[in-house]
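Here's the structure, in structure tokens; my notes come after.
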Amino acid sequence: MITRRSFIAGSLAAACFGNGLMAARASQPPLTLRASSARARLLGQGRPETEIWGYNGTSPGPMLRVRKGEKLRVALENALPQPTTVHWHGVRIDNAMDGVPDVTQAAIAPGETFNYEFTAPDAGTYWYHSHNRSWEQVARGLHGVLIVEEEEPPQVDQDVLLVLDDWRLGEDGGFDSASLGHMMDMSHAGRLGNVITVSGQAQFARLNVRSGERIRLRLCNVANSRMFDVRLEGHKALVVALDGQPVEPFEPGARGLPLAPAQRADLIFDASAEPGTQHQIVLGLGDGEVLAGEIHYDKGAPARTHQLDAPMRLVANDLPGGFDVSDAREVQLLMQGGAMGRMGGAMFGGLHMGMRQLVNAGMVWAFNGTAGETEQPLFSARKDEPVVLEIINDTGWPHAMHWHGHHAFILEGGSAERDGVWRDTVLSLPGERMKVGFVADNPGKWLLHCHMLEHQAAGMSTWFEVGA
Ligand code: C2O
Ligand code: CU
């Protein structure tokens with residue numbers, strides 16, 4: 001759904017609009033997110049509804065908006081038939097609020113409520129999603145976007161959000177629950193859907209603009225495993241932030257901007273085309289493409305006769321950087337396994353298992369020879385210790401590696417990621433290696449996993465610890 005800025009703000013965020021003097025350290029009134037089953041018209045008007053799981057009855061859930069430094073309080077009511085949690089993806093959060101079952105909190109049982117309360121230290125585009133059985137709960141729709149507003153937002157006429165998702169639905173439009181957890185998906189590219197939705201609808205979104213306007217476009221890939229290449233036709237759109245963090249503005253290549261699962265991007269473009277014209281927003285899917293939206297120009301006179309002079313860039317967040325790589329703790333993460341891989345076996349549950357035994361246990365991937373999380377962390381860092389993580393993809397598949405509680409600086413991104421940007425999720429391609437660095441300044445136990453959620457469930461998950 002594409003809406004005007006005023007509409008997008010919604011009632012939840014009413015408190016942060018209008019008054020520029022609103023103290024940045026204030027709290028928002030507490031809000032409730034109720035996780036429950038719901039019905040959604042994913043396929044559009046006149047088509048059958050789909051039973052999904054959503055927050056407050058919708059998927060994506062309500063868009064939450066806070067100011068940088070402001071406290072967010074969310075009571076999560078679990079009306080699902082399963083335990084759940086909420087993870088605030090990309091937020092450098094207090095560990096106790098990170099939403100990882102059995103690591104940072106007990107899963108919230110059906111009928112129970114958990115109060116999340118935290119301060120979002122960095123402006124940008126983030127998201128929230130279930131972190132219990134995420135391969136099922138996120139696939140069923142438990143996710144939403146969290147926007148943390150800049151202290152000095154860029155001057156734009158519209159702030160538009162596109163949430164990219166894919167669903168596997170049956171002929172009758174029903175959610176295909178029978179195929180959840182299939183080993184075939186787990187061991188290959190993950191569970192890909194057959195219906196692409198943009199902000200909850202399969203029909204493409206219409207973005208009404210007036211010539212001369214400046215538009216901010218926020219993109220968030222919430223799909224379990226699908227990657228998208230996003231392309232705007234007829235416009236020069238600059239990427240101004242990746243995973244919430246401002247970057248030196250750049251124009252994506254001809255294929256469009258690649259977004260792996262869990263990645264976000266903010267773009268800014270000037271609506272410089274003729275009044276009355278239409279331009280497509282296209283999603284490349286690797287083996288084809290779909291129309292995600294249409295930029296629809298009003299026939300009226302331009303909003304302004306020349307482009308805004310204000311630069312299209314965002315003010316950087318204050319991330320802990322500036323460390324000397326030669327002082328850093330070096331950690332290697334060797335990814336192995338999957339279909340057509342050469343992994344012969346791995347440790348699981350304290351035992352060494354061959355591939356057949358692993359498959360029987362639902363495990364097909366490993367990090368450093370071990371499938372799934374273990375008692376011992378991958379590494380324990382001292383507080384403020386610089387860490388360089390080398391990610392080696394010895395599998396035949398791409399992976400979207402995500403670490404909790406920190407953003408990392410891409411030192412060597414391989415062919416999929418730009419060097420010199422901050423990210424919380426990186427795309428690692430088959431046969432490639434990459435290096436990311438960060439200062440382990442956030443105490444607690446943090447997950448490090450593939451965000452292709454079937455891969456995470458089938459072994460690609462570990463954790464690290466940061467001392468107090
Ligand atoms: Cu977006 Cu561990 O997750
Ligand atoms: Cu993966």
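The values are calculated or read from the model by the stated rules, or taken from the named source; none is laboratory data. From a predicted model like this one, the values you see are computed outputs, not experimental measurements. Reconstructed Cβ throughout: ideal geometry from the backbone, glycine too, with neighbour counts over all protein chains shown. Surface areas here come from the heavy atoms of the whole protein model, side chains and all, with no ligands, DNA or RNA. Shrake-Rupley method; radii C 1.70, N 1.55, O 1.52, S 1.80 Å.
Among residues of region 30-79 being acidic (Asp, Glu) and in a strand (DSSP E or B), the one that is nearest to Ala107 (Cα to Cα) is Glu77.
Taking Leu319 as the residue in question, decide whether it is within 16 Å of ligand 1 (Cβ to nearest atom), at pLDDT 90 or above and within 29 Å of the chain's Cα centre (by Cα).
Numbers: within 16 Å of ligand 1 (Cβ to nearest atom): no; at pLDDT 90 or above: yes; within 29 Å of the chain's Cα centre (by Cα): yes.
Here the answer is no, as Leu319 does not meet what is asked.
All conditions in (1) open to solvent by 10 Å² or more (accessible area, probe 1.4 Å); (2) away from ligand 1 (no atom under 16 Å from the Cβ); (3) not in a loop (DSSP other than H, G, I, E, B) hold for Asp159, with the sole exception of (1). Thr374 satisfies every condition listed in (1) surrounded by fewer than 21 Cβ atoms within 10 Å (Cβ to Cβ); (2) hydroxyl-bearing (Ser, Thr, Tyr); (3) within 16 Å of ligand 1 (Cβ to nearest atom) except (3). Residues considered: Thr395, Thr425, Thr462. Of these, the only one that is modelled with pLDDT of 95 or more, within 30 Å of Val240 (Cβ to Cβ) and β-branched (Val, Ile, Thr) is Thr425.
Remark: pairs (first residue in region 121-140, more than 16 Å from Leu72 (Cα to Cα) and more than 16 Å from ligand 2 (Cβ to nearest atom); second residue of a type in the set (Ser, Thr, Tyr) and in a loop (DSSP other than H, G, I, E, B); Cβ separation under 6 Å; 6+ apart in sequence or on different chains) = His131/Thr85; Asn132/Thr85.
Going through region 95-121 one residue at a time, which ones are away from ligand 1 (no atom under 16 Å from the Cβ) and either in a loop (DSSP other than H, G, I, E, B) or open to solvent by less than 30 Å² (accessible area, probe 1.4 Å) (or both)?
Just the residues of region 95-121 that are away from ligand 1 (no atom under 16 Å from the Cβ), to begin with: 106, 108-115, 117, 119, 121.
Selection gives Ala106, Ile108, Ala109, Pro110, Gly111, Glu112, Pro121.
For region 416-461, filtering for residues that are within 14 Å of ligand 2 (Cβ to nearest atom), open to solvent by 10 Å² or more (accessible area, probe 1.4 Å) and in a strand (DSSP E or B) leaves 1.
Taken residue by residue, region 436-446 has at least one member that is touching a residue at least 12 places away in the same chain (Cβ under 8 Å), within 14 Å of ligand 1 (Cβ to nearest atom) and under 30 Å from Leu180 (Cβ atoms). Of all residues in region 201-213, those satisfying the criterion of being touching a Leu at 6+ places or on another chain (Cβ under 7 Å) and either at pLDDT 95 or above or open to solvent by 20 Å² or more (accessible area, probe 1.4 Å) (or both) are Gln201, Ala202, Phe204. Only residues that are farther than 28 Å from Ser225 by Cα and either outside any strand (DSSP E or B) or open to solvent by 40 Å² or more (accessible area, probe 1.4 Å) (or both) were counted across region 268-314, and they come to 25. Test Ala361 against the stated conditions and say whether it is out of contact with any Pro (no Cβ under 9 Å at 6 or more places or on another chain), more than 16 Å from ligand 1 (Cβ to nearest atom) and within 20 Å of His131 (Cα to Cα). No.
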